[in-house]
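The values are calculated or read from the model by the stated rules, or taken from the named source; none is laboratory data. All of these numbers come straight from a predicted model, not from anything done at the bench. Ideal geometry is used to build each Cβ from the backbone, glycine not excepted, and the neighbour counts take in all protein chains shown. With ligands, DNA and RNA removed, areas are computed over all heavy atoms of the protein, side chains included. Shrake-Rupley method; radii C 1.70, N 1.55, O 1.52, S 1.80 Å.
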Amino acid sequence: MTAVSIPDSGATGATRPPRGRRTWRARVGTVVPHVILLAYVAVACAPIALIVMNAFKSRQAIFEEPFAFPTPATFDLSGFETVFARADFELYFLNSFIVTVSTVFLVLLLGSMLAFALAEYRFAGLTALALYMAVGIMIPIRLGTVGILDLMVDLSLVNSLAGLVLVYTAMGLPLAVFVLTAFFKQVPDELKDAARIDGAGEYRVYSIVLPLVRPGLAAIGVYTMLPIWNDLWFPLILTPAENVRTVTLGTQLFLGQFVTDWNAVLAVLSLAALPMLALFIIFSRQFVRGLTSGAIK
């Protein structure tokens with residue numbers, strides 16, 4: 001008989017790294033991602049912090065010590081006083097709010113309905129329609145500015161908030177449909193079939209399923225409202241009139257060819273960031289769930 005050698009347990013254990021080394025590697029693997037994320041947060045938040053800090057400082061302090069916190073000697077509210085005295089900031093803020101809220105509502109409503117149809121039904125041209133919506137994500141809408149302007153002139157929608165809402169709705173729909181379709185496909189078919197057996201129509205089934213995709217709706221809402229609130233391109237082209245100006249367009253009043261009122265500019269930017277910051281804090285949990293949904297089953 002041939003003798004079979006059994007490896008010594010001590011020899012097998014010798015091939016494993018020491019416990020102390022494994023613990024050190026585990027700690028490094030945990031700390032490094034956090035360090036990278038903290039560095040990214042610092043880089044992303046530093047400009048916002050600088051804007052807010054310098055909005056409460058005098059013009060001289062802004063140029064001499066831009067990275068210093070406001071002190072009793074450098075504290076100055078002249079920028080905020082100028083904003084409310086020289087510009088109708090309340091009207092600009094209201095216009096931006098109306099355009100943003102209306103657009104987000106239409107994008108979520110129309111996008112969720114189309115996404116539900118793409119996820120639920122099978123019909124001729126389904127693939128072509130899905131590809132058409134995907135192309136809308138890849139091609140920037142600003143490439144069609146000339147055509148959009150001609151269309152708005154023909155429809156008499158220049159210098160109207162409705163024109164901005166329509167343009168922004170068309171801009172946000174492709175991404176909304178693409179993302180929400182994946183969320184609707186994750187809803188169990190048994191739930192929808194049970195509702196249909198009980199006599200529910202398709203609109204009723206849609207209303208039952210819609211609350212189950214709230215993370216996706218929150219994510220799309222945040223992705224939609226931020227570019228709209230910060231956009232300058234289409235308000236500058238479609239709504240240059242005083243009564244329909246948005247916050248970003250109103251900021252241009254303080255930017256001159258030779259002289260710029262930096263106190264007022266920084267004050268406007270600080271005030272304009274407050275609504276988006278508040279909304280993001282309120283919907284942050286749903287936003288994160290929307291980003292991570294589907295990554296882990």
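Among what's in segment 120-134 and is in contact with a Leu (Cβ under 8 Å, 6 or more places away or on another chain) and surrounded by 13 or more Cβ atoms within 10 Å (Cβ to Cβ), pick the residue that is nearest to Asp231 (Cα to Cα).
Kept after step one, since they are in contact with a Leu (Cβ under 8 Å, 6 or more places away or on another chain), are these residues of segment 120-134: 126, 129-130, 133.
Okay, now just the ones that are also surrounded by 13 or more Cβ atoms within 10 Å (Cβ to Cβ), so 129-130, 133.
Values: Leu129: 28, Ala130: 27, Met133: 22 Å.
Ranking the qualifying residues of segment 120-134, first place goes to Met133.
Show the residue pairs that are 6+ apart or on different chains and have beta-carbon atoms under 6 Å apart, the first residue being within segment 241-255 and more than 12 Å from Ala87 (Cβ to Cβ), the second being open to solvent by 50 Å² or more (accessible area, probe 1.4 Å) and assigned to a helix (DSSP H, G or I).
none
Residues in segment 273-283: is at least one at pLDDT below 85, within 30 Å of Met152 (Cα to Cα) and among the aromatic types (Phe, Trp, Tyr)? Outline the logic, then answer.
Initially, segment 273-283 is screened for residues at pLDDT below 85, giving 273-283.
Pick out the ones that are also within 30 Å of Met152 (Cα to Cα) and you get 273, 275-276.
Subset that is among the aromatic types (Phe, Trp, Tyr): none.
Taking every residue of segment 273-283 in turn, none turns out to be at pLDDT below 85, within 30 Å of Met152 (Cα to Cα) and among the aromatic types (Phe, Trp, Tyr).
Filtering segment 243-268 down to residues that are part of a helix (DSSP H, G or I), open to solvent by 20 Å² or more (accessible area, probe 1.4 Å) and modelled with pLDDT of 85 or more, which residue is farthest from Val165 (Cα to Cα)?
First pass over segment 243-268, keeping only residues part of a helix (DSSP H, G or I): 243-244, 247-254, 262-268.
After this cut, where a residue has to be open to solvent by 20 Å² or more (accessible area, probe 1.4 Å) as well, the list is 243, 248, 252-253, 262, 266.
Right, trim to modelled with pLDDT of 85 or more and you get 243, 248, 266.
Values: Asn243: 16, Thr248: 16, Leu266: 27 Å.
Among them, the one singled out is Leu266.
Please tell me if Phe69 is outside any helix (DSSP H, G or I), at pLDDT 85 or above and closer than 25 Å to Leu266 by Cβ. Step through it out loud before you land on a result.
Values: outside any helix (DSSP H, G or I): yes; at pLDDT 85 or above: yes; closer than 25 Å to Leu266 by Cβ: yes.
Criteria met by Phe69.
To keep it simple, each residue is scored yes or no on (1) more than 26 Å from the chain's Cα centre (by Cα); (2) open to solvent by 70 Å² or more (accessible area, probe 1.4 Å).
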position	(1), (2)
Pro66	yes, no
Asp76	yes, no
Thr100	no, no
Thr103	no, no
Leu108	no, no
Gly136	no, no
Gly144	no, no
Val153	yes, yes
Leu164	no, no
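Which of the residues spanning segment 166-220 are among the small types (Gly, Ala, Ser), more than 14 Å from the chain's Cα centre (by Cα) and within 30 Å of Pro235 (Cα to Cα)? It would help to see each step written out before you state the result.
We begin by selecting, within segment 166-220, every residue among the small types (Gly, Ala, Ser); these are 170, 172, 176, 182, 194-195, 199-201, 207, 216, 218-219.
Retained after the next criterion (residues that are more than 14 Å from the chain's Cα centre (by Cα)): 170, 182, 194-195, 199-201, 207.
Ala170 - this is the single residue of segment 166-220 that is among the small types (Gly, Ala, Ser), more than 14 Å from the chain's Cα centre (by Cα) and within 30 Å of Pro235 (Cα to Cα).
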